[in-house]
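S.K.: Dropping the structure in here first, questions after.
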Amino acid sequence: MSEPKYKRILLKLSGEALSTPTEVIDPSILDQYAAEIKKVHDLGVEVAIVIGGGNIFRGASAAKAGIDRVQGDYMGMLATVINGMAVQASLEKHGLYTRMMTAIKVEAVCEPFIRRRAMRHLEKGRIVIFGAGTGNPYFTTDSTASLRAIEIEADVVLKGTRVDGVYTADPEKDPTATRYTHLSFSEAIGKGLKIMDTTAFTLCQENNLPIIVFNMNKDGNLCDLVSGKDVGTLIS
Ligand code: UDP
């Protein structure tokens, strides 16, 4: 097997993707993710993960529940800690060493985020999960992924989704839709792609950090991507 293309990756997983109509966190999805992550880790790739919280709570829906936005955002950030702990447990079941670090202190269960310490964990082959977003309301976990990736000097942000990448049209509605293999940041922002928010794109653009949007639900996809195969859509 040739050298992986990326030495250190930041994998962004959405909270929503962990859920099914009957389970908030579906154990079989967790298990599949952990197996995929183990495969890339076994290639010698350093892996950091940012997990969302959308399956449990989103700040934007707080208003409907009569909760103010900022309070709702903090609830959303804490939701990511629950998901992160689930991912952590699943990775450990697969024999991986992990550390969970959070932007809001939850000292009984996680370490506080300290950049140099996070980098040291990665160098030692531990998988680092970043929870509680940026620690600030009005941000998303996509922006967190960009920010943390820049901080830990990751080579790429890998945005795991349920689709194969960015398409010319909605592939579920338009059979002629084709996948873009590459888009520039200005194209991605100009097209108003809903795949990530503008803050997340802009942070990466300003720091020359590529993003790859890919299907996390396909067996072997993450490994193929990291090995340099044509998987997903590269935004750079
Ligand atoms: N959130 C926040 N600041 C952050 C990251 C997240 O306030 O830095 C809140 C926000 O309310 C968001 C929620 O946490 O809706 C869950 O994160 P997100 O919606 O990004 O999760 P995903 O869509 O990836 O599941």
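S.K.: For n ≥ 4 DSSP H runs only, could you compute -39500 (n - 2.57) per run for the chain, divide by its residues and tell me the 222 nm figure to the nearest 500? All intermediate terms of the calculation are to be shown ahead of the outcome.
M.R.: On the way: 7 runs with 82 residues, N = 236.
Counting only the DSSP helices, I get -10500 deg cm²/dmol.
S.K.: Let me ask something else about it. If you stretched the chain out fully between GLU187 and GLU153, how much longer would it get, using 0.36 nm times the residue separation minus the C-alpha to C-alpha distance? It would help to have the intermediate numbers written out before the result.
M.R.: Working: separation 34, 0.36 × 34 = 12.24 nm, distance 2.43 nm.
Between GLU187 and GLU153, full extension yields 9.8 nm more.
S.K.: Grab the beta carbon distance between GLU111 and ARG162, set R0 = 35 Å, and tell me the FRET efficiency rounded to 0.05. Please report the intermediate quantities before stating the final value.
M.R.: Numbers: r = 31 Å, r/R0 = 0.88.
Plugging the Cβ-Cβ distance into 1/(1 + (r/R0)^6) gives 0.70.
S.K.: Tell me whether the range 156-236 comes out rounded, prolate or oblate; compute the Cα gyration tensor, take square roots of the eigenvalues as a ≥ b ≥ c, and use a/c under 1.5 as the rounded threshold.
M.R.: On the way: a/c = 1.90, a/b = 1.12, b/c = 1.70.
Here the range 156-236 falls in the oblate category.
S.K.: Then there's this: Can you tell me the order of 107-119, 50-62 when each peptide is scored by its average per-residue count of other Cβ atoms within 10 angstrom, highest first?
M.R.: 50-62, 107-119
S.K.: Which trypsin sites (Lys or Arg not before Pro) from the range 133-234 combine a DSSP loop assignment with at most 11 other Cβ atoms within 10 Å? Kindly include the intermediate steps, with their values, before the conclusion.
M.R.: Details: sites: ARG148, LYS159, ARG162, LYS173, ARG179, LYS191, LYS194, LYS218, LYS229; in loops: ARG162, LYS173, LYS191, LYS194, LYS218, LYS229.
Here the sparse-neighbourhood loop sites are ARG162, LYS173, LYS194.
S.K.: So, one more: Could you tell me which GluC sites (Glu not before Pro) in the range 161-236 are loop residues by DSSP with no more than 13 other beta carbons within 10 angstrom of their beta carbon? Provide the component values of the computation, followed by the final result.
M.R.: Numbers: sites: GLU172, GLU187, GLU206; in loops: GLU172.
When the GluC sites (Glu not before Pro) of the range 161-236 are filtered for loop state and at most 13 Cβ neighbours within 10 Å, GLU172 remain.
S.K.: While we're looking at this one, here's another question. Amide H of VAL50: which non-local residues (sequence gap of 5 or more, or other chain) have their own amide H closer than 5 Å, using H built in the peptide plane?
M.R.: It is LEU11, LYS12, LEU13, PHE130, by chain and number.
S.K.: Does the range 1-100 classify as rounded, prolate or oblate by the C-alpha gyration tensor (a ≥ b ≥ c root eigenvalues; a/c under 1.5 gives rounded; else a/b over b/c gives prolate, otherwise oblate)?
M.R.: Working: a/c = 2.80, a/b = 2.05, b/c = 1.36.
In terms of gyration-tensor shape, prolate.
S.K.: Let me spell out the model: positive unit charges on the Cβ of Lys and Arg, negative unit charges on the Cβ of Asp and Glu, origin at the Cα centre of the chain. What dipole size does that give, in debye rounded to 20? Write out the running numbers ahead of the final one.
M.R.: On the way: 27 positive and 28 negative charges, 94 e Å.
It works out to roughly 460 debye.
S.K.: Cα extents of the chain along the three principal axes, largest first, in whole Å?
M.R.: For the chain, the Cα extents along the three principal axes come out at 47, 43, 38 Å.
S.K.: So if each residue of separation counts as 0.36 nm, and I subtract the Cα-Cα distance between GLU123 and ALA177, what length gain in nm does that give? Before the final figure, lay out the partial values.
M.R.: Working: separation 54, 0.36 × 54 = 19.44 nm, distance 4.10 nm.
Result: 15.3 nm gained on full extension.
S.K.: Where both residues lie in the chain, what percent of DSSP beta bridges are antiparallel, nearest 5? Please report the intermediate quantities before stating the final value.
M.R.: Values: 4 of 31 bridges.
Within the chain, antiparallel bridges account for around 15 percent of the total.
S.K.: Quote to one decimal, in nm, the extra length available between TYR138 and LYS5 on full extension: 0.36 nm per residue of separation minus the C-alpha distance between them.
M.R.: Numbers: separation 133, 0.36 × 133 = 47.88 nm, distance 3.39 nm.
Result: 44.5 nm gained on full extension.
S.K.: Just the ratio, please: alpha-carbon radius of gyration of the range 141-185 over 2.2 N^0.38 Å, N its number of residues.
M.R.: On the way: Rg = 13.7 Å, N = 45, 2.2 N^0.38 = 9.3 Å.
Against the empirical 2.2 N^0.38 Å value, I get 1.46 for the range 141-185.
No value in this document is a laboratory result; all are computed from the given coordinates. Small disclaimer: the values here were computed from a predicted structure and weren't measured. Positions of Cβ are backbone-derived with ideal geometry, glycine not excepted, and every protein chain shown enters the neighbour counts.
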